[in-house]
Amino acid sequence: MTIIVNNKEIEQLDQFADKTQTLIQFLNQGAHSTDALIQQSEVLSFTSEAQFIEQLYLGLMNSTMLYLHQIPLSVDIKKLLELSTNDLRDLATFSNRDSETDKARLASILAKYRLVDSAILNKIALFYRRYNLNYHTLGWGASFHDQLTLYSVICYCEQVYDLSNQTVIPACQWATQQAQSLSEFAHYFCIYLAWKNNKKEMPGTPDHLVDILAPVVNSNLDSPIVTFELQAIDLHNAIKQWHEGGNNLGFSSFSAGLLNIVLNIDLHTDDLVKAANDYLSTLQTTLSNALASDSFVCQAGLCRHYLFKLHNSEALLNVDSQGCLSLFNHWPTAA
């Protein structure tokens, strides 16, 4: 006896649930390694099969990210654990992109679980090519989560703004000067476009706008601690309790918060600080009186998203592995 999961002794591989067995089979040497762990003398205890499979991946790959070559798809196993057993099995056995039935089934699974495969994620490379942009060094060390953030921002900007070389190139140049990561680059890129769209007659860059709004963002970065996974009513109660304590739900990062404010206030107003504070006050009241319409693990596995469909906008809240509940995105719905 060497593996104990949820107080249950594991003596052979088929004692695991079908989903866990499928995830073990995704790994090179996964089954052999699990058998070896079962045979060894040291006792390993886990609270759940999910914890076991995560530790198995970390032990064999030093990562919980998986690349499914046959699709192709990069995804964290914490996201794969969210799939039904049948859907996960379909991903594992998918092999024929020439079959219309198989392609339709794959597309259905990707849409159902909000997954972005490598072909779709190639939009980033196409974007750089279309505007003849240099692939800046921020991308070299970017995490998969950063890439997904950039992808989402590009999709949003293409829906909302009329993009051209005259706007995209200076936006990229300015964003590169501001950012320390690819996610920050994405946020600052969209901030520039929002500023330019509202201040068409203004030369220069949105540096002054950032300077004015920075204190507002910095004062709204505190967040409550909750459990990683919450039911909609429990999330509602957590937000309401935090709000009743006189607190605003903090942004997930400075650049994300800055973008949320810029997208939701009138940049022509004389008092931008007042406009930002009024926006945040209204948003907090709205969130404290609403229920999340959906909940899902992000594809990179770093957090659980909670989606709120609000009036002419969507808000996305995050709960990370430490239980920090924060406001990630609040973007107006594209017309």
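Each reported figure results from applying straightforward, stated rules to the coordinates on display, with no laboratory input. None of the values given here were measured: they were computed from a predicted structure. Here the Cβ positions follow ideal geometry from the backbone for every residue, glycine too, while neighbour counts run over all protein chains shown.
Here the chain was treated as a single set of alpha-carbon atoms; its pair distances binned every 20 Å from 0 give 27, 52, 19, 1 percent. Out of the DSSP beta bridges found with both residues in the chain, what percent are antiparallel (nearest 5)? Percentage antiparallel, nearest 5: 85. Helical runs (DSSP H, four residues minimum) scored at -39500 (n - 2.57) apiece and divided by the length of the chain put the mean residue ellipticity at 222 nm at -15500 deg cm²/dmol. Measuring r between the beta carbons of Lys274 and Asn28 and using R0 = 51 Å, the FRET efficiency lands at 0.30. One chain, two ends: Phe296 and Glu158. Fully extended at 0.36 nm per residue, the span grows by 47.2 nm beyond their Cα-Cα distance.
Projected label points at Asn86 and Ser108, each 7 Å from Cα along the beta carbon direction, are separated by 0.9 nanometres. Lysine pair count for the chain (Cα-Cα distance under 20 Å; residues 8 or more apart in sequence or on different chains): 11. If R0 equals 35 Å, the separation of the Cβ atoms of Asp320 and Ser281 corresponds to a calculated FRET efficiency of about 0.90.
Taking R0 as 51 Å, what FRET efficiency do you get between Gln12 and Ala214 from their Cβ-Cβ distance, rounded to the nearest 0.05? With a Förster radius of 51 Å, E is 0.30. The gain in end-to-end length when the Ile4 to Thr101 segment is fully stretched comes to 30.8 nm, 0.36 nm per residue minus the alpha carbon separation.
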